[in-house]
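Participant: Attaching a single structure in structure tokens format; questions to follow.
The values are calculated or read from the model by the stated rules, or taken from the named source; none is laboratory data. Just so you know, these numbers come straight off a predicted model, no measurement behind them. In this analysis, Cβ positions are derived from the backbone assuming ideal geometry, glycine residues included, and neighbour counts consider all displayed protein chains. Keep in mind that these areas ignore ligands, DNA and RNA; they rest on the heavy atoms of the full protein, side chains included. Shrake-Rupley method; radii C 1.70, N 1.55, O 1.52, S 1.80 Å.
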Amino acid sequence: MFFKRKYEFKPDRTDGGILKKLYLTPLQRKNLWKWALISAVLVALSLLQDVVLAQISIGGATFCLVPCGILMCAMFFDPETAAVFSLTASTLYFFSGTAPGTYTIVLLTGLATLLCIFRTGYLQRCFSAFFLCAGVGMMAYQLLTFAIGCFLQSALPSRFGVFMLCGGLSVAVMPLLYPVFLAISNIGGETWKE
């Protein structure tokens, strides 16, 4: 038979296909924008650190902006979200090639989670609490990176001051980055719901 009967033909699809099934609510869209903007800011910090600021040396130290951005951003969320975010971001930071070693994944994830738990449990919602936790986290990250570097014999003990100066320079940048992360984290609702 050369001709098919009318009922043998499949009708045209009238639904929206896969895009119809991937409908996002307005809140989900805002959260998607929030995480996309946070990712874009961290990529911009990585480019700024590796392309522009790597050529600027103050006392032998340079800026360490990506760990600074990860620790800052983690302070805006609850501990569970901060743990997942810092684990993902620090893994991507390691694979970018600028991290000092694989231990940065553990250091950034652990510090961000512990300091976020401390902030939500004991401190009020204000800039000073945020700055205190992120600043302590950055200095602890530099100290632990130095200690691990000395243990692995990739850092000299005489470079302790350079590591601490690098942490201090990164902490000094935090007030400039705070409004950016605050504006992004406010997308989709109130930042802190404690």
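Participant: Between residues in segment 75-87 that are open to solvent by 20 Å² or more (accessible area, probe 1.4 Å) and residues that are among the charged types (D, E, K, R) and modelled with pLDDT of 90 or more, which pairs lie under 8 Å by C-beta distance while being six or more apart or on different chains?
Facilitator: Close Cβ pairs (under 8 Å, with a partner that is among the charged types (D, E, K, R) and modelled with pLDDT of 90 or more) do not exist here.
Participant: Based on this model, can you work out whether Gly167 counts as touching a residue at least 24 places away in the same chain (Cβ under 8 Å) and closer than 22 Å to Thr102 by Cα?
Facilitator: Working: touching a residue at least 24 places away in the same chain (Cβ under 8 Å): yes; closer than 22 Å to Thr102 by Cα: yes.
Yes, satisfied.
Participant: Additional query: Of all residues being surrounded by 17 or more Cβ atoms within 10 Å (Cβ to Cβ) and closer than 20 Å to Ser57 by Cβ in segment 142-164, which is modelled with the lowest pLDDT? Just the residue, please. Show your work before the answer.
Facilitator: Going through segment 142-164, the residues surrounded by 17 or more Cβ atoms within 10 Å (Cβ to Cβ) turn out to be 142, 144-146, 148-149, 155, 162-163.
If we keep only those that are closer than 20 Å to Ser57 by Cβ too, we end up with 142, 145-146, 149, 155, 162-163.
Numbers: Gln142: 92, Thr145: 91, Phe146: 92, Gly149: 88, Ala155: 79, Val162: 88, Phe163: 86.
Result: Ala155.
Participant: Output the number of residues of segment 91-134 satisfying the condition of being touching a Cys at 6+ places or on another chain (Cβ under 9 Å), among the small types (Gly, Ala, Ser) and either open to solvent by 50 Å² or more (accessible area, probe 1.4 Å) or farther than 21 Å from Leu177 by Cα (or both).
Facilitator: First pass over segment 91-134, keeping only residues touching a Cys at 6+ places or on another chain (Cβ under 9 Å): 112, 115-116, 118-119, 123, 133-134.
In the following step, the residues that additionally are among the small types (Gly, Ala, Ser) were identified as 112, 134.
Pick out the ones that are also either open to solvent by 50 Å² or more (accessible area, probe 1.4 Å) or farther than 21 Å from Leu177 by Cα (or both) and you get none.
Here the count works out to 0.
Participant: Here are Met138, Met164: which of them is under 21 Å from the mean Cα position of the chain (by Cα) and among the aliphatic types (A, V, I, L, M)? Outline the logic, then answer.
Facilitator: Working: Met164 fails: under 21 Å from the mean Cα position of the chain (by Cα).
None of the others qualify; the one that does is Met138.
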